[in-house]
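Colleague: Take a look at the following structure, please.
Where a number appears in this text, it was derived from the coordinates with a stated rule and is not lab data. What you see is a predicted model, and the numbers here were worked out from it, not measured in a lab. All Cβ positions, glycine included, derive from the backbone under ideal geometry; neighbour counts span all protein chains shown.
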Amino acid sequence: MEWDWDFVWQIMPQLLDGARITVLATLLGFAFAAVFGLVLAMLRRSSNRVLSWPTAAFAEFVRGTPLLVQLYFLFYILPDLGLTLSPLTAGVIGLGIHYGTYTAEVYRAGIDNVARGQWEAAKACNLTAAQTWRHIVLPQAIKPMVPALANYFIAMFKETPLLSAITVLELMNQARSIANYNYRYIEPITMVGAFFLAISLVSVVAIRLMQRHWGRLSRLGSARRETVMPS
């Protein structure tokens, strides 16, 4: 079967619409994962075992089960329990919860990487908890987190085709529908690969720019810490 550019241009609007849904699901899912992961990390760090142990068990359970099973549970089983979610909402929540358990470990590692002396010095200077986190801990913790969080962002993007299992019309689902309807697979599937590659490359460039940005913020944070806590 030969490549048909006329067919490519004919199906391009559908593929672009699918790409839009894919990017939207990734961005919303990662935003959910970033916030949810931070909550999990804070609960895991709690000295109260009533909070830390169930949180740890929940995170291990989510990481130990496939994302596809979790998506099926959210979309097909929750309605039997009285909660019905739209396909995209279920997909975003599923991605967010699943990857939130991984970002939680990134947060924990970044926070634990801050020297204990920094916490003690902030306490000695009578800084509030909010000031300690904002001016001392986070500026030092965030920079090492960026590469790992970026890797999870790209991994999440590549797993969005799983959302087709719960009827989300993302890029892969659109391509499969086109292929099944026209009995032509080479053009839509190849274009899906090209879209994923292009978006991944753009994401990598954006992540590198973000790392440089956080590097500058980290240097500013170091200068601020020297002002707040003079030697």
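Colleague: Can you give the FRET efficiency to the nearest 0.05 for Asn180 and Val69, using r as the Cβ-Cβ distance and R₀ = 30 Å? All intermediate terms of the calculation are to be shown ahead of the outcome.
Modeller: Numbers: r = 25 Å, r/R0 = 0.83.
In this case the efficiency is close to 0.75.
Colleague: Also: Rounded to the nearest 20 Debye, what is the dipole magnitude of the chain about its Cα centre when Lys and Arg each give +1 and Asp and Glu each give -1 at the C-beta?
Modeller: On the way: 19 positive and 13 negative charges, 276 e Å.
In total the dipole reaches around 1320 debye.
Colleague: Oh, and also: In whole angstrom, how far apart do the alpha carbon centroids of the stretch 25-90 and the stretch 143-206 sit?
Modeller: 22
Colleague: What does the charge count near Val106 come to, summing +1 for each Lys or Arg and -1 for each Asp or Glu among other residues with Cβ under 15 Å from its Cβ?
Modeller: Working: positive: Arg44, Arg45, Arg63, Arg108, Lys143; negative: Glu105, Asp112.
Residues close to Val106 contribute a combined charge of +3.
Colleague: Could you give me the percent of Cα pairs per 10 Å distance bin for the stretch 5-228, shortest bin first, beginning at zero and ending with the bin that holds the maximum distance?
Modeller: 8, 26, 28, 21, 12, 5, 1, 0
Colleague: Using 0.36 nm times the number of residues separating Trp3 and Cys125, minus their current alpha carbon distance, what extension gain do you get?
Modeller: Working: separation 122, 0.36 × 122 = 43.92 nm, distance 6.90 nm.
Full extension of this stretch gives 37.0 nm more.
Colleague: Which whole-number percent gives the relative contact order of the chain, counting Cα pairs below 8 Å spaced six or more residues apart? Can you show the working numbers first?
Modeller: On the way: 233 pairs, mean separation 67.5, N = 231.
In percent, rounded to a whole number, it is 29.
Colleague: Compute the distance in nm between two label points, each set 7 Å from the Cα along the Cα-to-Cβ direction, one at Asn48 and one at Leu85.
Modeller: So the two model labels end up 2.6 nm from each other.
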